[in-house]
Each structure stands twice: as C-alpha cells, then as structure tokens.
Amino acid sequence: MDRFLIRGGKKLQGTVRASGSKNAALPILVATLLTDEPCVLRRVPDLRDVRTTLKILEYLGKKITYENGTVTVSADGQLKNSLPYELVKQMRASFWVAGPLLARFLEAEIPLPGGCAIGVRPVDIHLKGFEKLGATCETKAGNVILRAQELVPSKIVLRFPSVGATQNLLMCACLIEGETVLENVAKEPEIDDVVDFLNKMGADISADDKGRLIIYGKKTLHGTEHEVMSDRIESGSYILAAAATRGDVTVTGCVPEHNAILLEDLQEAGFPLTITNDSVRVHAYNGKIKPIRVRTAPYPGFATDLQAPWMTLMCFCSGTAEVDEDIFENRFMHAPELVRMGAEIVTEKSVARITGIKELSAAHVQASDLRGGMALVIAGLCAKGETEVERIYHIDRGYENLEEKLTSLGAQIKRYNPEK
C-alpha cells in the first residue's frame, strides 16, 4: 500500500485553492437517485470516497461520466433497490442511498455499514425517521430491509442533529407528497448545499426561524446542474498546516465563515490572519503559541473533523492545551502516533491534554482514520528528519491531490509503495 515520505522542517509558503467539498458531494451524488433525468455536477473532488459513491450509483443502474471535476449522472436502465455488502463496507455514507431508494420503490435492502475506526455511528436515527414516514424496518442477516405500503408526510424530531440522518430523511421526504417537518436537524453548511441542489431539482424545501426544515414533497423531481461548495475541512487543514509550520499561506476559493470558530481560536492563539470573503491568509508568526482549549460540537461549533490537525498545532503551544471530543468516542487514535514523534499528550476518556514542546522528531507512523492521518502529515511537515506515514488510503478519502498541493507550497513530500 502507498505511503508518504515527508522531509520536514520547511515553512509552507504560497497559495493553495480549496477543492469541492467531499461532505457535500457525496450526498448530492446520492440525491441523483431521485430522478431519471441527467444531473451535471461540477467541482466534484477526485477522492476515494467519491469514486466509491460513483461505483454504487453505477451498480444501482446509473450511467456515470467523470472528467475534470465534472460528473454527469444519467439513467442507464432500470434502477436496483439493494446494495451488496462489498460496496457498503467501503464507506459508511453508502447507507444514505436508503432514503432515495425507499422513496422511489417503497422498498430497499441495504447492508448495515458496520464499524468505524473513530467510533460508533448508529443508524437508528435514520430508521426511526423512516418509521415516522410510514416504513417498517427489519434487520435480517446484517441487512436493513425497509418496506412501506405508502409513505406519508410527518413531523420528525431527531434525537441528535445527525448529518447523515438529516440528509437521508430530507431526500426521502422530497418524494412524499404533503408537508414533512424535520426538527433538531444538522446545520452544517453541507446540508445547505444539499438543500440547494434538491431545490434545483424541483423540490420545495425551506428552513423556518426555528431552524426546522420544511419539505413539501413532489411526485417527481427533474435533472439539473450544480457546483459543489468549497470544502471547509480541507481549507481548515491547510490553514492549520500553515500555522504549524510557521508558514505564510493563502487558502483561496474557500468560505471563511464556515470556519469562523477555528479562525477565532487561531487568532487567540497568536496567529495573524487576513480574511476576505473567499480567502484566508495565515501570516508568518514566530511568537509564542497560546494554549487554547477547544470542545468539538455540531456546527457552528468547533468541527470534530479539525480536532486532529488542531492537536498537532497545539503540540507547539507554550503551556498546556486541552481538547474535548464530544462527538465521537474514539477519535484520539492519532495521539499515540504523535507521542511517537515526541509529543506530550495524555488522553482520558473524551479529553486530551497537550503540553507544548519545542519540536517533533521524525518517525514511522500510521494513519488510523482520515483526519487523524492529516494530523500526522502536518506533524511530518514540522518534524526534523524524514517521517514515513503508512495507510494513507485513509487520507485519500478526503484530500484531493494532497501531495501536489503541499509540494506547491514548498513541502518535501512524496508518495511511494515499498512493494513496487
């Protein structure tokens, strides 16, 4: 399997453009199942998870073309309403096809997605919502079987503002005539992008002053064109990489407002920033890094997906910083790998305490998940010597052309396979 070799110690400098959002592109691609008409999507990042989603759509009966960031999804025969485990096990987001398929067929059979490295991600919120919409949910031989004589509009209150459940139920409700109301929904910007796409398809979705999503279902939806929003997690990761290496980097094509908490925390830590409506510049800073305590939370709180890269930055703080991980129960697996590089980190349940050190040392480490892998890459960029990062297929799930973008900023990073 591929690895990264990183020779650290260089300050990142230059300009990098954000790619389209993985977390918006995946549900938008899935939403094309709601129509047989062609959909054209632009700024779709070339990522492992995107390629997996395209395979799923092809298996279900869609014709796919993907070139230069543009995906065209069109009908290619009769749609299927079930998936094999071999496809589902590659990506938990594959369960999102349940909503569109249930809406189209009144029956769908989807394997349970199984375990996840960073913690349990139960689909019970999805299933309870489908039941409110009139479906029965049966688990048999590891598969969830959804059936309905008729789907009916309903008021659904999510027990937790799950992004996946919000998107799944939203897509399903678009083809249920009548008014469906979703309460306690996720408020991530990616949800807004999915809503924008669905409305372009002819859906009628709005949010009221209480943050509820109100869907007036239609009999059919039509094809459309859409450009995927900027990836706020990728943008945040490059911002943190610039800060950790004490570099001077401008991230363009982003939406700074989507990372407002991160930028406030960076400024409090001491980093000078220049922020425009579509860019963030991290200026070179050689002063002391103030230790900051962050607590992950649903949007607009501190993003759990930026917790690991933030921890790498806090390894260089002047004092002791804390990270409270309140979203996933097992999202500190990068911490022992950072410790192998000389970091002083102690974790206890959902809290990590990071005592700042002068420098990290290069080491042989392995990524255990997507964002933890990025934290190790940033650590390698900072460490003296050559760091080898294994299992980078995790990183490929969410960062488009990572080594090319980092190289353009002056990093010394290359991909290699020891078996070739």
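Structure notes:
- Residues of region 371-414 that turn out to be open to solvent by 30 Å² or more (accessible area, probe 1.4 Å), under 25 Å from MET91 (Cβ atoms) and among the hydroxyl-bearing types (Ser, Thr, Tyr), as a count: 1
- Qualifying strands (runs of 3 or more DSSP E) (wholly inside region 209-313; at least 1 residues being of a type in the set (Val, Ile, Thr)): 213-217, 248-252, 273-275, 279-282, 293-295
- Region 171-190, residues that are over 23 Å from THR304 (Cα atoms) and either open to solvent by 30 Å² or more (accessible area, probe 1.4 Å) or not polar (S, T, N, Q) (or both): MET171, CYS172, ALA173, CYS174, LEU175, ILE176, GLU177, GLY178, GLU179, VAL181, LEU182
- So HIS258, is it open to solvent by 30 Å² or more (accessible area, probe 1.4 Å), touching a residue at least 60 places away in the same chain (Cβ under 8 Å) and either among the small types (Gly, Ala, Ser) or within 17 Å of TYR238 (Cα to Cα) (or both): yes
- Every condition in (1) in a strand (DSSP E or B); (2) farther than 18 Å from ASP265 by Cα holds for ALA335 except the one numbered (1).
- Pair list, Cβ < 7 Å and 6+ apart or interchain, from region 325-345 residues that are over 15 Å from MET314 (Cα atoms) to residues that are basic (Lys, Arg) and modelled with pLDDT of 90 or more: ASP326/ARG295
- Qualifying residue in region 325-333 (condition: modelled with pLDDT under 95, open to solvent by less than 10 Å² (accessible area, probe 1.4 Å) and touching a strand residue (DSSP E or B) at 6+ places or on another chain (Cβ under 6 Å)): yes
- In region 1-52, the residue that is surrounded by the fewest Cβ atoms within 10 Å (Cβ to Cβ) out of those that are polar (S, T, N, Q) and at pLDDT 95 or above is THR15.
- Region 334-370, residues that are open to solvent by less than 60 Å² (accessible area, probe 1.4 Å) and small (Gly, Ala, Ser): ALA335, GLY342, ALA343, SER350, ALA352, GLY356, ALA362, ALA363, ALA367, SER368
The values are calculated or read from the model by the stated rules, or taken from the named source; none is laboratory data. For clarity, every value in this text was computed on a predicted model and none was experimentally measured. When we count neighbours, we look across all protein chains shown, and the Cβ atoms used for this are built from the backbone with ideal geometry, even at glycine. Calculation scope for accessible area: heavy atoms of the full protein, side chains included, ligands and nucleic acids excluded. Shrake-Rupley method; radii C 1.70, N 1.55, O 1.52, S 1.80 Å.
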